[in-house]
1. Tell me the label-point distance for the pair Ala67, Val36, using the 7 Å Cα-to-Cβ offset, in nm and rounded to one decimal.
2. Taking square-rooted eigenvalues a ≥ b ≥ c of the alpha carbon gyration tensor, is the range 1-130 rounded, prolate or oblate, where a/c under 1.5 means rounded and, failing that, a/b exceeding b/c means prolate?
3. Pick from Glu154, Glu16, Glu34 the residue whose mean-square fluctuation is largest in a GNM of the chain, springs joining Cα atoms under 10 Å.
4. Step through the table entries Lys13/Lys48; Lys13/Lys50; Lys48/Lys167; Lys111/Lys159; Lys53/Lys111, compare each Cα-Cα distance with 31 Å, and write down the pairs that go over it.
5. Under a GNM of the chain (C-alpha, springs under 10 Å), which listed residue has the highest mean-square fluctuation: Ile129, Ile38, Ile60?
6. Quick check: the distance between the Cα centres of the range 127-173 and the range 86-112, to the nearest angstrom?
7. Compare the peptides 79-87, 20-28, 131-139 by average per-residue count of other Cβ atoms within 10 angstrom and give them in order, highest first.
8. To the nearest 10 square angstrom, how much accessible area does Leu76 have with a 1.4 angstrom probe?
Amino acid sequence: MFSPSGAIVDSQKLTEAVSREAEQAGVTVALGQEVVGIEEGASAVTLKTKNQKFMTTLLINCAGLHADRLAHMMGLGLDFLIAPFRGEYFVVSCPGPPIIRSMVYPVPHSKVPFLGVHLTRTVSGSVLIGPNAVPAFGREAYHWGAVSPRDVLEMIRHKGFWNALIKNRELVK
């Protein structure tokens with residue numbers, strides 16, 4: 001998506017629109033399917049889910065927090081693991097006109113240019129400050145009480161997780 005001057009979107013509605021356009025172009029959109037196996041053949045790739053099989057000539061892995069698991073099923077990126085972090089935002093409540101009209105970003109940190117608290121005006125007009133970045137105790141752990149023992153064990157057993165903590169320890173002080 002090209003947005004030369006920045007944009008604020010309703011991400012759910014954008015995703016729904018992209019999904020509709022993809023389906024109109026002949027793409028199969030299958031939500032709520034957990035991939036349990038991937039087989040590569042000479043001319044097709046077969047995705048096995050708990051409920052059905054899908055065959056395709058082109059597979060694009062956009063599984064988000066589970067992208068590493070799908071890559072591993074294909075023998076790719078075996079040294080990589082997604083360590084989940086959760087970003088939390090605070091809502092600015094102030095009467096009157098909005099304090100900003102678009103987005104305000106900090107100057108990027110040279111070591112972690114993807115991090116940084118910013119201000120964002122939402123499509124509803126409220127203003128968010130954030131995100132912070134806190135380790136999550138599961139790939140789908142969207143609140144503090146959520147824990148996935150499988151995900152936590154996978155993380156603490158992976159040397160890359162510990163290497164990242166050691167390498168970036170000055171950032172978490």
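1. Result for the modelled spin labels: 2.6 nm.
2. Taking the square roots of the gyration eigenvalues as a ≥ b ≥ c, the range 1-130 is prolate.
3. Glu16
4. Pairs exceeding 31 Å: Lys48/Lys167; Lys53/Lys111.
5. Top of the fluctuation ranking is Ile60.
6. Centre-to-centre distance over Cα atoms comes out at 22 Å.
7. Working: 79-87: 14.9, 20-28: 9.3, 131-139: 16.7.
Ranked from most to least packed, the peptides come out as 131-139, 79-87, 20-28.
8. Around 100 Å² of this residue is reachable by solvent.
The values are calculated or read from the model by the stated rules, or taken from the named source; none is laboratory data. Fair warning: this is a prediction, and the values are worked out from it, not measured in the lab. Cβ coordinates were reconstructed from backbone atoms using ideal geometry, including for glycine residues, and neighbour counts include every protein chain displayed. Please note that ligands, DNA and RNA were not included when accessible areas were found on the heavy atoms of the full protein model with its side chains. Shrake-Rupley method; radii C 1.70, N 1.55, O 1.52, S 1.80 Å.
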